[in-house]
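Here's the structure, in structure tokens; my notes come after.
Nothing in this text is a laboratory measurement; each read-out follows from the coordinates by a stated rule. Bear in mind the structure is a predicted one, so any value in this text is a computation, not a measurement. Here Cβ is always computed from backbone atoms with ideal geometry, including for glycine, and neighbour counts include all displayed protein chains.
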Amino acid sequence: MIPLYKLEKFPRSLRLRKIAKTFGEAEYRLSMGIDLSLEDYKYLVQVMEFLMPDPAFSPGIVQVIGEALKTLQSLCPSQRQDLIRVLNRIRHLLLRETGQAPADWDFIDYSGRLDPEKRRCFPGMRVYLEDIRSPFNVGAMFRTAESFGVEKLFLSPFCADPNHPRAARTAMGCVSVLDWERLSLDKGLEAPRFALETGGTRLEDFTFPLKGTLIVGSEELGVSPEALALADASLGRVSIPTYGTKGSLNASVAFGIALQSWAATLAKAAPLNTHRHQGYNEYP
């Protein structure tokens, strides 16, 4: 804990960032199920009171901080969820005040530690990510795949590293519980195969297989001609109809839409199995 007299000596931007970090650390402890000590709780109240007189704050921000302070003063250290919401709101307000825009990989993960032994999946539900370059998209796809019961993810040699800090933070623990490995296209993909690509069968009309491999292509170029040939020789292509001017979706968003539809089909026809995590193979 930084004494208030030291905080007062910092330049304003640094002072606000230090306070935001302090609130974030307290928020993280609460998210891990650890109650704040009475001393820590009193310090947070004092810091909030310290913030109020800042003349650079707009009246609106002063009002928000004042309301948060009243809420904080009415709580006790054991009221974790209520404390988290107060600290989260003020932390992001301070970050915005210093010109910092949060990204997904900066957010605190409140889901707790994932237990691989409790993971359930649909046997035979597999995905091949081909040349997904963005660590953010790779991390988001891991999280989506784990949530919808994918048994295993295959990554092409040119996909971003799932252990990249941004990918790992966005995946929120899913890289460690979802089986995955690097696999070049010439090693062969388990049939039947189908690709998420334009020019195919509309999502609502596509017949998803009980087992198979979904191929998802790069953000810029889509699925490669070689991978499309594999898909077209099997189940073909599934496409997501869009209605706006842009006519395209972020790769991880499109992946989530397609995967939910596939999982919904499997949930009606095949039960989820508890899946023992086998780890990953970075260089097969």
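Each residue of region 210-218 is assigned a 3J(HN,Hα), and the resulting list reads 6, 9, x, 10, 8, 9, 10, x, 5 Hz, derived from the Karplus form 6.51 cos²θ - 1.76 cosθ + 1.60 (θ = phi - 60°), x at Gly and Pro.
Based on the Cβ-Cβ distance of LEU249 and GLU67, what FRET efficiency does E = 1/(1 + (r/R0)^6) give at R0 = 41 Å, to the nearest 0.05? That gives a FRET efficiency of 0.60.
Between ASP40 and ILE2, full extension at 0.36 nm per residue minus the direct alpha carbon distance yields a gain of 12.5 nm. Taking Cα atoms only, the orientation of helix 135-147 departs from the longest principal axis of the chain by about 80 degrees.
Gain on full extension, evaluated as 0.36 nm per residue between LYS21 and THR198 minus their Cα-Cα distance, stands at 59.3 nm. Were the residues from ALA233 through LYS118 laid out at 0.36 nm apart, the gain over their Cα-Cα distance would be 37.8 nm.
Each label was represented as a point 7 Å from its Cα along the Cα-to-Cβ direction; for ASP205 and LYS187 these points are 3.6 nm apart. Matching the structure-derived P(r) over Cα pairs in 10 Å bins from 0, in percent against the labelled list (i) 6, 24, 25, 17, 16, 10, 2, 0; (ii) 6, 24, 30, 24, 12, 4, 1, 0; (iii) 7, 31, 39, 21, 2 gives the label (i).
Spin-label model, THR265 to CYS76: label points 7 Å out along the Cα-to-beta-carbon direction sit 5.4 nm apart.
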